[in-house]
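Just so it is clear, none of the values below were taken in a lab; they were calculated from the coordinates. Here the structure is a predicted model, which is why all the values come from computation and not from measurement. Here Cβ is always computed from backbone atoms with ideal geometry, including for glycine, and neighbour counts include all displayed protein chains.
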Amino acid sequence: MEAIKSALDFSDFPRTDMFIAGVVSVFLVCFPIFPHSSFAMATMIQFLMFSLYGMGWNTIGGYGGQVDLGKAQYVGIGAYTAAVMLTRWNVPFWVSMPMGMFFAVCWSFIIGYPLFRLKGHYFAIATIATSLVLKDLFEVWDFVGAARGLEISPIKYSPPDFLRLIFKQDVYYYYIILGFFFLGILYVNWFRKSRLGFQLRSIKDNEDVARSLGINVHWAKVKTYAIATAFVSMVGSFHACYIKNIEPEDTMSLDLSILIALMAMLGGAGSLWGPIIGAGVLIPMKSYLKEWLGARAGLVGIDLIIYAIIIMLVSAVEPRGIWGIVERVRGRKAR
Amino acid sequence: MKSVLRFGAFFVGILAILVLLCPPGGFAAGEVKIGVIYPLTGGAAAAGRELRAGAELAAKIANSVMPDLPMTMARNSGIKSLGGAKIKLIFKDHEGNPTLGADLAKKLILDDKVDGILGCYHSSVTKTVSAVCEQYGVPMINGTSTSPALTKRGFKWFWRTTPHDRWFTKDLFELLKGLTEGKVRGVRAVPKKEIINVASACEKTEWGSHVSRLIASFAKEYGFNLRKSLLYAAKSADLSSEVRSLKASRADVLLFASYTSDAILMVKTLKAQRVRPKIIWGQDAGFEKPEFRSTLGDSIQGILTRTVFLPKVVEIKALAGKVNALYKAKTGNDLGGASARAFTGVQTWVHVLEKVGSTKPADIQGAANSINIPGSELVVPWAGIKFSTSGEELGQNVLGSGLIGQYQKGPDGKMGLEIIYPFDVASADMIFPFPGY
Amino acid sequence: MDILVSSLAAGLLIGMVLALVALGLTIIFGVMDIVNFAHGEFLMVGMYTGLLTAQSLRIDPLLTLPFAAIVGFVLGVICYVGFVKFLLRGPMVAQLLGTFGLMLFLRNLALLIFGSEDRALHHGLLVGKSFDIGMGVIIPATKLAAAGLSVAAFWAVWILMNRTKIGKALTATALNSQGARYMGIPTERMNALAWGIGGASVTIAGALIVNFWSVNPFIGLLFTMIAFAIVALGGFGSVPGAFFAGLVVGIITEIPGIWDFFTYTFNIRWMANVPMTSFKYMWVYLAYFIIMVVRPRGLFGWKR
């Protein structure tokens, strides 16, 4: 009860923030009512998915300050659990998704325990390595379709199937991921005010001080890593049902890991709204630039070039990301 | 405070842009729009160019009157039964990425409102694209993907004109059996123990991994000894450890399923490692691209590839010669397996549309299921096009057939493919064993 | 037996080349404690430089090396002066983010300019040639040349670091940059120099590798990961360590060959069916992971 109250309590944000958040939420809820192209819809779903990935990443990467570049392996675990269970044993999504989260969390304990002996760059690179190892294994594992991937047949189920999350229209997917999105915000809002959240922030500021305060640094990190993992794996399961065809190259690629981390870092790591802003700016920009400049004008890769320039600028000028700029502006105003 | 608000407005604005900007979908009267999804960039871009040229040529022939071509679609301009509606091909580039392909298919169906889909070369992409088409009830004709699994999924909106790998791989083992029995033109019967050891290396996605399995099962059936079967990533920049592994297996027959750049790399590495098998056979795709020939030059003498079309077909089929001349004028290359099949794919679309006289998906479905295009209409040496409508395979053309060609140096000093199999149409003596690069 | 010998030979050769790839990374890391995620992209730039100059000027690919070195040096210095310098002021996260941005930028610029097709060299003095040194061991001439040049480059860098004034200044900057500044060493210029040398060494590696590997805009990441593994194994910042670690990683990538040796020597059926070649790089990543957890200093490291 206390936790729910804490999750719903946004009172430490300025009122303008809440107003903007309210407007955006209303817009998100009403979006499908407006006329839109399927492309816009797909972009919005992407935006919501990446916001959730970013929120997950933000718990360990933002609040904890441990830059994790291997999140794709958990996307993969989540996606594969959902897809394998559905295609092989006809297990509905609402059962397989928690199972996927469970497997992902187990795996995160296995690799997280040794991994968190490392710090900084070493940790970041090691997470990449584990992700690539898992991807290579999945690419030869015949049970999960190896490199061919797994297909959720469109004719085996009769949409709309709410149990298995098989729909024909994207709008159903939109509302489901939107629900996850709001739940995710509430969870992170609770998390940042929880005991673990405070512990993490003190670890981020100074690990030795945190240890001297009696915080079990290693364990706190491993626990948070598991939370981040659960988030990512959940969206991974959703991804499997939405895309209906998954393969290691797609769900476990390093590019995905990087994108997740970059979006959160760009929006502002360590703040509640950061990952959402990051995804909200970058995903539409990326898909529309790709569509206009890439597909229409034939400039392949131009979307990512502009994207990269923004990243470089932000990292050189304001490492705290877009949210950092907002806060800086605000601080100047207050002065 | 103001700037925070301004920032918020900017954020909302970006989201709002999404709503306002729907890709424009122009509806010109008298057009039938076919979405064509091919790998125009990426590792198979060379194939993409060929496919595109083949499809464009077919659309051009369908849209204009060419009385000297003995085919139905050249006789009138556009689709006659649709009031002369022109075929419009909307090309999209899937880069060899299945998820991107599915995305593009969705976009074509919902935003561009195409009447049908053609594509996609990579079997892995065809798999996802056909799933999208099936879901939305939009007909899709596939001309170039040969993974047998594609037509075994019970899809009702998917038709494939090309024969698939089960036939091709069987052809191969028939050829090997023929070698031991002395049926091959110009080669005396080879004792089976000389070619009994077989090894395969296939690219690891949908297409290659199925070929690999087929090779394993046929090898067992025909009594060959499969020493090694490798899967590799088509994007590899280096195949030397794969090649060394093949070499270590001491196989007499090396079998490959490779896309363009990896096929070239594979043969280059085989040459550098001095691997000397008695037979090298490629499962079409990379092994019959013009790039393969131009890059590797004379060192491909004696390499076998399965295909459905090679320039020698011109000698037994007059129509193919005429179309080939048009294609050569357009691109400078001869028609190949990919371009000929892309041509046939568009042609099948034209015949289907001509037959139904409407663009309603349900009508198209009925027409496609009952269509019967005689072999004399086609550039490829098939008996015709007729889709199976029952049994295990739905929508598979049952009248197709394959060829096996061998690179041989012609009298003009140019490397060209000669027909080796089927034995009764062989155009040259087979070079056996593989002479070395 | 010949399988084993040829695998080991190939592993050692490729190991020397990979060590050269990692050399630039270890120099940059050693001097300024920053991890350059765009390292593989520098290599890709080198590969394209080698390929395009050889093709457009119709010269032998081996003659393009000096040109590639100049391009790499300039690229490294520009990256440092124009961009990385600003990252150093920020926290570690900003450095990660920034060099990632650089990586995306270079990669997609290459994609825009060159397209995503694989390109390869098909002509040249050594391209496609190989020596048969007996016992069925085949040594490709290009790899042999690349390995030889790698040894030369390592020797040159070692001399530079240990026998020249510039090298001493670089080492001083690495050990204590503030102290070095007090001693009158222009540390900013030293940092730029480190990036220049790092860039040049990796573009040389690229121009060598393009003799036997094909290049596309996405190739960088694989090499970044391998270079990280080598640098971690050898100890971050250690030049001799990088060389020996390169050899180790080269042998690790040849595990499939060693596996084949056992398979066919003892004729074990099930071993032939294990897809070892698919795991070629997995062992490298695994080795990296294990070494990082067990011995973060690496095998020869002096810096933590």
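Observations on the structure shown:
- Taking B:122, C:123, A:36 and counting other C-beta atoms within 10 Å, the order from fewest to most: C:123, A:36, B:122
- Relative contact order of chain A: 31 percent, from C-alpha pairs under 8 Å at least 6 residues apart in sequence.
- Relative contact order of chain B, pairs being alpha-carbon contacts under 8 Å that are 6 or more residues apart, as %: 18 percent
- Across peptide B:126-133, the average count of Cβ atoms from other chains found within 10 Å of a residue's Cβ is 3.
- Rounded if a/c under 1.5, otherwise prolate or oblate - the range A:95-187, Cα gyration tensor axes: oblate
- Exposure proxy order (Cβ contacts within 10 Å, fewest to most) of B:258, B:229: B:229, B:258
- In this structure, the residue pairs whose Cα-Cα separation is over 26 Å, taken from C:85/C:143; A:244/B:86; A:290/B:330; B:271/B:409, are C:85/C:143; A:244/B:86; A:290/B:330.
- Shape of the range B:113-266, Cα gyration tensor, a/c cut at 1.5: prolate
- Cα gyration tensor shape for the protein assembly as shown, rounded if a/c is under 1.5, else prolate or oblate: oblate
- Ascending count of other beta-carbon atoms within 10 Å, so fewest first, for A:255, B:93: A:255, B:93
- Relative contact order (%) - criterion: Cα under 8 Å, at least six apart; region: chain C: 36 percent
- Projected-area mean, chain A, by convex hull of Cα positions, square nanometres: 18.7 nm²
- What the Cβ-Cβ distance of residue C:176 and residue C:122 gives, at R0 = 60 Å and to the nearest 0.05, is a FRET efficiency of 0.75.
- Between the range C:1-72 and the range A:80-146, the Cα center-to-center distance that results, in Å: 33 Å
- When peptides C:268-274, A:76-82, C:246-252 are sorted by average Cβ neighbour count within 10 Å, with the highest value leading, the order is A:76-82, C:246-252, C:268-274.
- Mean-position separation - Cα centroids, the range B:164-241 and the range A:164-194, in angstrom: 50 Å
- Mean residue ellipticity at 222 nm, helices only, chain B: -13000 deg cm²/dmol; runs of at least 4 DSSP H residues each add -39,500 (n - 2.57), and the sum is divided by the number of residues.
- Reported to the nearest whole Å, the Cα centre-to-centre distance from the range A:242-283 to the range B:359-430 is 46.
- With a threshold of 22 Å on the Cα-Cα distance, the over-threshold entries among B:204/B:289; B:170/B:247; B:235/B:268 are B:170/B:247.
- Only lysines eight or more places from residue A:5 in sequence, or on another chain, were considered; those with a Cα closer than 17 Å are A:193.
- Percent of C-alpha pairs per 10 Å bin, the range B:379-437, short to long: 19, 35, 23, 17, 6
- Candidate aspartates and glutamates - alpha carbon under 17 Å from residue B:193, same-chain residues fewer than 8 apart omitted: B:174, B:181, B:221, B:252
- From the largest down, the range C:2-294 spans 66, 49, 36 angstrom on the principal axes of its Cα atoms.
- Summed side-chain charge close to residue B:87 - residues other than residue B:87 whose Cβ falls under 13 Å, Lys, Arg +1, Asp, Glu -1: +1
- For the options A:59, A:127, A:229, a Gaussian network treatment of chain A with springs between C-alpha atoms closer than 10 Å singles out A:127 as fluctuating the most.
- Per-residue 3J(HN,Hα) values for the range A:209-221, derived from phi via the Karplus relation 6.51 cos²θ - 1.76 cosθ + 1.60 with θ = phi - 60°, read 4, 4, 5, 5, 7, x, 7, 7, 4, 4, 5, 4, 5 Hz in sequence order (x marks Gly and Pro).
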